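First the structure, in the form of structure tokens, and then the observations on it.
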């Protein structure tokens, strides 16, 4: 509470000016420059504020002004006009028809081009990135949204485990990364090829928002409501639409640097954006280049987080603690002789990855004759990310070779991620209908290389670097969309419909032999005789001679048997209708039919309504059905990685859902997740420049897909095919993709804003919050596996979908502009988080977990910017001003390192100052 009071006090220093000036009444008329006819319905607003008026049927308006220097006139189909108020009281305005009316990006959630966030029947946030990119400490798309949108959640990728640590996936309303749909300029974005393992969104694929340079983005729209009937698969929790810049004749350059208080985790980001006008009819090409670096970060939490307390050099150190023979004093003496201490073996896997990013993006449109235009957008990004796992100690005899690594080794997974996309299309009017024909192609490629590692089973012949193979996912979407607005039907009717054809692909390429090879395998032969008494040798399989770990440490390479090249096609058709029954009452409905070649038809629908009593109160509500098709990666992905349970390294197989072992275990093929969503809310503008929204929601999802818990190789009750799977791969445990559970999400969210225009500046406050509860309503246990209920849905997976991200989040932000200065102050409340981590699966039916709770925290940011010249601004500030590290429980668990923060909150990495320069030329 003291921090909250200090936050408010900071703003009270900014607010020492007279806010309200003397009222003035301005009047005037607006006509069309084309034919001098009056224009009814023109928006007349004071620049910088929301208060305003509209023209009547005669084109006349009247507006009361307290502060402000400019009036802004805007109307669909006409170029906006800005005029100086000065001492004028009556205005005669002539608006020119727009050269192109096709550049307006539709508000997501409606196919009606006239819809705005204020009159939408469902909640939509429109986030202007410009002030945040100038003043906020965060630089990536996901982190910017994390600190400004209460329903959005994302964390730095290391909490996603292994290759997933290279990504920062997006979540809405507490649901999974694969239950939100992402669009770019209203077109479906392709997904990442990676399947997350062991962390946030376990078993899911998601969208790599950070493959889009922040400098290319104009604004972001977040639809907080199910919209599968409008946009298709994934849109269960909502839709994120990224709208690219299209401005011209402005070279915008920005560079940012930051570092944590303890010197780790340094971040740099530099980008440049420039647009060129093409022709004289509104054509443009806008391009952005961006380069960023991220230094490796230490464990979140206090300075001893992740410190290893057990045996280091002693034989069998991974299976037992100190004893009377091998004592800690012996270890300390060896450490001293080697010139190192225990921090040499610190775990780093939960801090931020080291990495470099290079991105290029563009957005373009070229008008044709009449009302048509050709458009295109897309880009390419090339990123490298390094994930370091648990330190392999020198005494771990089954996983280390002391001749190669006398002090053990810290293996590193090097992911090279190439993301490429291109969208092209043509749109225009045909007989009064808006027609849009487009094609969007995207591909995401994950290359896996493991360095500073070892294949222990190869002994001294083992390489220390391995090519672990690669995998990729592609998507090509062709769409034809029609829409038309009929202003003579009641108070306005909008009809939209369209068809879509999408092809998705997924490939896995095998790694080099040493990355997965079991080098100490020997053939076994039995002596037998023929019917004629002739002796011969008969092969009886293989056996391991020394039990040393196979393959590259941290992640085994993909084997040839894992390689796949699969595809599917999806055909869809939709219809969307919005009717203004009266000026106050809006009704909308949508339906969508999709056909998947791998699992058949899916139909979804949506209905929504809004009723406006007055400016101070509107109510709205919606009901929808949704679905999420299983990703190809979830059906065909197979890999082996290593986890540590009570200090013991365990190789775990993630097995393909298509495998014979899955069928033998009774796990069926994947089917779509199905959802039902309900929402009821209100919006209000109680006074000028104040907006308030409040929405409650319920989302029921049946048959969600996830990773099961781990089945163990020592379980004699498993079918023969499953036992063979363990023998073939050498893994000790295995999990499978499965429609394993159903959930219900209940929540309430609110947003509010207040804008004040001062005599020589302005002040904007934002306040928002989301409070939700996720619960598992059903566990789908295959016949014959009823006793394995805690394995089918493990406690760790249950925690991931119910308590692994904050159920409460509140954002409070203020930005104050005065003369050459800009000040930002913000605080974000992250609620309690509880996680469950597997300790032992020795008893297959009752695996042992420990639970860690992170108590609520407030994370506060501040910054101050100064315009060195009218076009150059410098900004300094601090993320996590009060150095909040996270208040977490510390369970004593034998064989583990000091407890670290394994929950999913932000701010626990400590204070991080930053500096930024932005310039326009």
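Values quoted throughout were computed directly from the atomic coordinates according to the rules given, and no laboratory measurement underlies them. Keep in mind that what you see is a predicted model, and the values were worked out from it rather than measured.
The distance from the alpha carbon centre of region 494-528 to that of region 557-593 is 28 Å, rounded to a whole number.
Separation of region 185-259 and region 836-852, taken as the distance between their Cα centroids, equals 36 angstrom. Angle between the Cα long axis of helix 720-729 and the longest principal axis of the chain, 0 to 90 degrees, nearest 10? Roughly 90 degrees, rounded to the nearest 10. Based on DSSP H segments of at least four residues, each scored -39500 (n - 2.57), the chain has a per-residue ellipticity at 222 nm of -2000 deg cm²/dmol. What is the angle, in °, between the Cα long axis of helix 328-338 and the longest principal axis of the Cα atoms in the chain? Nearest 10 is fine, range 0 to 90. Around 70 degrees separate the two axes.
When only alpha carbons are used to place a centre, region 356-417 and region 428-463 end up 10 Å from one another. When you restrict to C-alpha pairs under 8 Å that are six or more residues apart and normalise by the size of the chain, the relative contact order lands at 11 percent. Axis of helix 2-14 versus longest Cα principal axis of the chain: the two differ by about 30°, to the nearest ten degrees.
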